[in-house]
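*Asks:* Just passing along the structure, written as C-alpha cells.
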Amino acid sequence: KALGAMPQTTLGYEKLVNWGFAAEGEEEFVRMVLDGQPEPPRYFAEMKRVNRDGPAARGDLTPPPQLPDAGLAEALSAAGAVVVDARAAADFAAGHVPGTLGIPLNKSFATWAGSLLPYDRDLYLIVDESVPDAAADAAKTLALIGLDRVRGYFGGGAVDAWRRDAGRALETVAQLSTGELRTRLARGDRLAVIDVRGRSEWDAGHLPSAVHVPLGELAERAAEVPRDRPVVLHCQGGTRSVIAAGVLQRLGVSNVVNLSGGFGEWRAEGGEVDNGG
C-alpha cells in the first residue's frame, strides 16, 4: 500500500503496543532509545572528524618493522611515545615492562585502543610472536580507527630481555579470587573496589562495596582512586580489569589487584549483589 494509506486499525494497534508511541516528545524518545546501550568507544569522535574531513593520505598498510629487543628502553623514553603490550591479559599480568599499556589483541582491541590511546603520538607494539601476523593485524586494526603512527614492534622476547639483560624488574598485576575478596571484605579489610564495566552492566547488578569508574574514563578520573589501600579492579570476566590495572600503573598507582573471576564469578558463587543502579 502507498505510504499514508495504513488502516486506522493498524495505527491504533501500534499506539497500544509500540513503545515508541509512549514517548512524550523527542527528548524522551531519544532517552528511551539509548537506555541500556553501551557507551560508544571514544574513537567514534575521531571517526566523525575523519568522515567529515576525509582521512589523511597514506600509502600501503605495510606491516611495521620488528625492532631489536634492546630498543624497547629507547621506545619507552621517546618523547610522548606509547608502548602497547598486545599480548594476552594473563601474560601482561604475569610480567610486563613498567610504563607499557596492556591492551590484548582480541576482538575488543580496536574498542580499547581507540578509547585509551592518543592520536597525536608515536606508538610501538609488543606482540606474542607465536600468534601468526600479530603485529600486522594489530597495526592494521589501529590504522582502521585512525591510529596510524605505529613505528615498529617488539616480540615478547623484549620483555624477557628487559629483565634478563638489563637487570630491571618487571611489573605484575596481583590476582585475587572472588572467595578471597569476600573473606577480606567480611573481616573489614580496607579495600577500594572499582568496577570498570559499562553503565548498563553496572545497572544490571554490582558489588555493594564497589565504586563505578568505566574503563574508558579511568585515566581522566585517576585522581579519584585511593593511594592508601589496595585497589581491587574488576570487570565481568577479568580481562578489562587487567587493562585497567595497566592504566593505573602507568599513572603511578602501584597497589592494584585484579579480581580474576570478575563479577560473573562473584554472582555465580552467590556473592551479594546490589541491583539498585
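The values are calculated or read from the model by the stated rules, or taken from the named source; none is laboratory data. Note that the structure is predicted; figures quoted are calculated from it, not measured. Because the Cβ atoms are built from the backbone with ideal geometry, glycine has one as well, and the counts that use them run over all protein chains shown. These accessible areas exclude ligands, DNA and RNA; they are computed on the full protein's heavy atoms, side chains included. Shrake-Rupley method; radii C 1.70, N 1.55, O 1.52, S 1.80 Å.
*Asks:* Below 8 Å, C-alpha to C-alpha, sequence gap of six or more: please give me the relative contact order for the range 171-277 in percent.
*Replies:* Once normalised by length, the contact order is 36 percent.
*Asks:* Give me the extension gain from residue 224 to residue 122: residue separation times 0.36 nm, minus the current Cα-Cα distance, reported in nm with one decimal.
*Replies:* Gain in length upon complete extension: 33.9 nm.
*Asks:* Hey, another quick one. Please turn the phi angles of the range 115-130 into ³J(HN,Hα) values with the Karplus equation 6.51 cos²θ - 1.76 cosθ + 1.60 (θ = phi - 60°), one per residue in order, whole Hz, x for glycine and proline.
*Replies:* So the Karplus estimates, Gly and Pro as x, are 8, 10, 9, x, 8, 10, 10, 6, 10, 10, 10, 10, 10, 7, 5, 6 Hz.
*Asks:* What is the percent carbon and sulfur in the accessible area of the range 149-277, measuring with a 1.4 Å probe over the protein chains and ignoring ligands?
*Replies:* Carbon plus sulfur share of accessible area: 45 percent.
*Asks:* Could you quote the convex hull projected area for the range 122-277, Cα atoms only and averaged over all directions, in nm²?
*Replies:* Average of the hull's projected areas for the range 122-277 equals 11.4 nm².
*Asks:* Nearest 0.05, what FRET efficiency do residue 211 and residue 70 give at R0 = 41 Å with Cβ-Cβ as r?
*Replies:* My answer for the efficiency is 0.50.
*Asks:* Once phi is turned into θ = phi - 60°, what whole-Hz ³J(HN,Hα) does the Karplus curve with 6.51, -1.76 and 1.60 give for every residue of the range 74-86, x standing for Gly and Pro?
*Replies:* In residue order, the calculated couplings are 5, 5, 5, 8, 5, 4, x, 6, 10, 9, 9, 8, 9 Hz.
*Asks:* Between residue 144 and residue 251, how many nm apart are label points set 7 Å from Cα along the C-beta direction?
*Replies:* 2.9
*Asks:* Near the amide H of residue 156, under 5 Å away, which other amide H atoms are found, from residues 5 or more places off or on another chain, if H is placed in the peptide plane?
*Replies:* So residue 156 has HN proximity to 127, 129.
*Asks:* Residue 186 versus residue 107, label points 7 Å from Cα toward the beta carbon: distance in nm?
*Replies:* 3.6
*Asks:* Show me the three semi-axes of the equivalent ellipsoid for the range 190-263, from the C-alpha gyration tensor (sqrt of 5 times each eigenvalue), largest first, rounded to whole Å.
*Replies:* So the three semi-axes of the range 190-263 are 17, 12, 12 Å.
*Asks:* Testing the spin-label approximation: label points 7 Å from Cα along Cα→Cβ at residue 81 and residue 200. State their distance in nm.
*Replies:* About 3.9 nm, to one decimal.
*Asks:* If you don't mind, there's one more thing I want to ask. Compactness ratio of the range 60-175: Cα Rg over 2.2 N^0.38 Å, N = residue count?
*Replies:* In units of the globular-protein estimate, the range 60-175 measures up at 0.98.
*Asks:* Still on this model: Probe of 1.4 angstrom, ligands and nucleic acids ignored: what's the accessible area per residue over the range 207-277, in square angstrom?
*Replies:* With the other protein chains kept in place, the range 207-277 gives 41 Å² per residue.
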